[in-house]
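To start, the structure itself, in structure tokens.
The values are calculated or read from the model by the stated rules, or taken from the named source; none is laboratory data. Since the model is a prediction, treat every value here as computed from it, not as a measurement. All Cβ positions, glycine included, derive from the backbone under ideal geometry; neighbour counts span all protein chains shown. Each accessible area value is taken on the protein alone, full model and side chains, heavy atoms only, with ligands, DNA and RNA left out. Shrake-Rupley method; radii C 1.70, N 1.55, O 1.52, S 1.80 Å.
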Amino acid sequence: MIEWLSEHWMEIAGTLLSLVYLYLSVRENIWLWATGFLSSFFYMIVFFDERLYADMGLQVYYLIISIYGWLTWKWGRQRTGGKKMPISKVDGRTGAILLLTGGIVYVVVLLILLKVPSLIDIPASELPFWDAFTTTGGIIATWMLARKFIEHWLVWIIVDLVSSGMYIYKGLEVTVLLYLVYTVVAAIGYLEWKKNMKTRDRDIKT
């Protein structure tokens with residue numbers, strides 16, 4: 001047991017921080033971005049060791065978006081004068097842009113996974129198509145969270161389910177459990193944000 005913990009401590013630390021991140025996300029607490037930053041740092045190393053390069057690159061993106069999210073939520077709160085930045089819905093134009101952007105990002109990430117490893121003499125990604133899919137979904141969903149779009153939870157449900165299948169294949173048991181919890185919490189988060197959104201709309205009208 002001690003040997004297993006010593007070999008997987010980084011994955012465990014990332015998992016625990018991710019659970020805190022999830023809780024804070026549902027609660028709309030700005031400190032989610034700090035815990036997300038730390039979790040991404042640990043998982044960046046884990047995914048490199050497992051040769052899931054797109055997921056590793058995604059963690060680098062998460063490090064950057066965590067800073068962006070913190071600043072956006074802080075400015076959004078100051079701009080509205082409320083305790084929290086308001087929740088928004090994706091309109092038709094934004095949705096179309098996100099779909100187009102997602103398609104472009106997917107193609108770019110997939111080409112990188114298929115071509116780059118051989119050029120720099122490192123092992124190829126074992127699941128390039130699914131790796132690219134979860135990477136793209138994570139990029140889009142995290143940006144949507146930074147902008148506080150409620151639909152980001154729906155994107156995460158899909159991404160987390162696909163990721164769970166990948167990690168079962170790779171034998172990352174702790175991470176599989178984490179992503180199954182992610183899926184459940186994403187559903188809870190969507191319902192909680194929807195309820196909070198209705199409450200705030202009602203308060204504004206009254």
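Considering each of ILE45, ILE97, ILE64 in turn, give the residue that is under 13 Å from the mean Cα position of the chain (by Cα) and without any contact (Cβ under 8 Å) to a residue 40 or more places away in the chain.
Criteria check complete, one pass: ILE64.
Counting only residues that are over 13 Å from ALA146 (Cα atoms) and of a type in the set (D, E, K, R), which one in the range 30-75 is surrounded by the fewest Cβ atoms within 10 Å (Cβ to Cβ)?
ASP49
Applying the selection to the range 12-25, what residues are open to solvent by less than 20 Å² (accessible area, probe 1.4 Å) and modelled with pLDDT of 90 or more?
Across the range 12-25, the qualifying residue is only SER25.
Are any of the residues in the range 83-93 in contact (Cβ under 8 Å) with a residue 40 or more places away in the chain and part of a helix (DSSP H, G or I)?
No.
Do you know which residues across the range 112-155 are crowded, with 21+ Cβ neighbours inside 10 Å, aromatic (Phe, Trp, Tyr) and either within 23 Å of ALA34 (Cα to Cα) or touching a residue at least 60 places away in the same chain (Cβ under 8 Å) (or both)?
Of everything in the range 112-155, those that are crowded, with 21+ Cβ neighbours inside 10 Å, aromatic (Phe, Trp, Tyr) and either within 23 Å of ALA34 (Cα to Cα) or touching a residue at least 60 places away in the same chain (Cβ under 8 Å) (or both) turn out to be PHE149, TRP153.
Give GLY82, GLY102, GLY95 a once-over and let me know the one that is farther than 18 Å from VAL159 by Cα and not charged (D, E, K, R).
GLY82
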